[in-house]
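The values are calculated or read from the model by the stated rules, or taken from the named source; none is laboratory data. Values in this document were obtained by computation on a predicted structure and should not be read as measured data. Cβ coordinates were reconstructed from backbone atoms using ideal geometry, including for glycine residues, and neighbour counts include every protein chain displayed. The area values use the complete protein model at the heavy-atom level, side chains included, leaving out ligands, DNA and RNA. Shrake-Rupley method; radii C 1.70, N 1.55, O 1.52, S 1.80 Å.
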Amino acid sequence: MIEEPQIVPPDAGQTASDGLLSDLPEPEVTPVYVPPPKSFVREYFEMAVVTAIQLLFLWTFIAQGMMVPTGSMQNTINIGDRFFANKFIFGRNTPVLGHLLPARDIRRGDVIIFKYPEDPKTNYVKRVIGLPGDHVLVRGTKVFINSRELPEQHVTVRQEPGLSALPVVKTDPAPPGATYKVYYEEGDEEESGFITPGMRWGVGEPLIVPEGNYFVMGDNRDNSLDSRYWKFVPRDNIIGHALYVHWSFNNHEVVAMRAGSLWRNFFNGINWNRIGSAVK
């Protein structure tokens, strides 16, 4: 009879591998630095700094909020409208991002924001009528480009100071090719007249737009200080393209503030139908 070998279990608290690992040195443990928790004030301060940098980048290169205090572009852009301007679309004022962001040339009919040639500290907004090389002639309520009438949809309005939008009297059918509306006061003559004091350029005879310049006009043609008065807008003065209205509030349409009616007057002054509308 063959006896089976006895299996002796290892000592208590010892494993089979203990004999092999017992001679190895203890591994070095590298301490990990755990920064102290940020205070409430510091955390929100850092968030504010990052947000400010992002907003500065956005306003410098991408878009900028602007307001129209006058009625030269009514009813396209109304008094009290605040709108965003696309600053990279024309590709000149953003050389760093010019190859990354979509850009195009300035087109006739674009609503542009630019530095007023006679006072570069002031921003103006008008519509591009004449491109470099164009022959521009304004005759009454008609505009001719290179001896051909520019297709514009005419709207007759009443000039009432202080209102956000001018009351519309009549809207003419849009001619073929018209992409925007222009606004004239009742009684304007179609072919002759309508030359006010100071209006000198492009109203008596055709005016040639030189290279690198643009002829612009306001959509409220009876109430616009534009190229008819001070000639051309240099290309380098153009800041961007008007996009859409993000806020609209007109102080002139708010009744006198009285006790207990502050919020009611505030909400009455908001032009709700303008918020979110595109500038065309």
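Here are some notes:
- Search result, residues across segment 138-153 that are open to solvent by less than 30 Å² (accessible area, probe 1.4 Å) and in a strand (DSSP E or B): 138, 143, 145
- From the list 168, 182, the one residue that fits, being hydrophobic (A, V, I, L, M, F, W, C) and crowded, with 17+ Cβ neighbours inside 10 Å, is 182.
- Within segment 99-131, the set of residues being over 15 Å from residue 72 (Cα atoms) and either touching a Cys at 6+ places or on another chain (Cβ under 7 Å) or of a type in the set (Lys, Arg) (or both) comprises 104, 107, 108, 115, 121.
- Residue match in segment 113-123 (condition: open to solvent by 20 Å² or more (accessible area, probe 1.4 Å), of a type in the set (Val, Ile, Thr) and modelled with pLDDT of 90 or more): yes
- Under the condition of being among the aliphatic types (A, V, I, L, M), out of contact with any Phe, Trp or Tyr (no Cβ under 8 Å at 6 or more places or on another chain) and within 18 Å of residue 88 (Cα to Cα), the residues counted in segment 213-243 number 0.
- Among the residues of segment 207-221, those identified as assigned to a loop (DSSP other than H, G, I, E, B) and surrounded by fewer than 18 Cβ atoms within 10 Å (Cβ to Cβ) are 210, 211, 212.
- Residue 187 being open to solvent by 70 Å² or more (accessible area, probe 1.4 Å) and modelled with pLDDT under 95: yes
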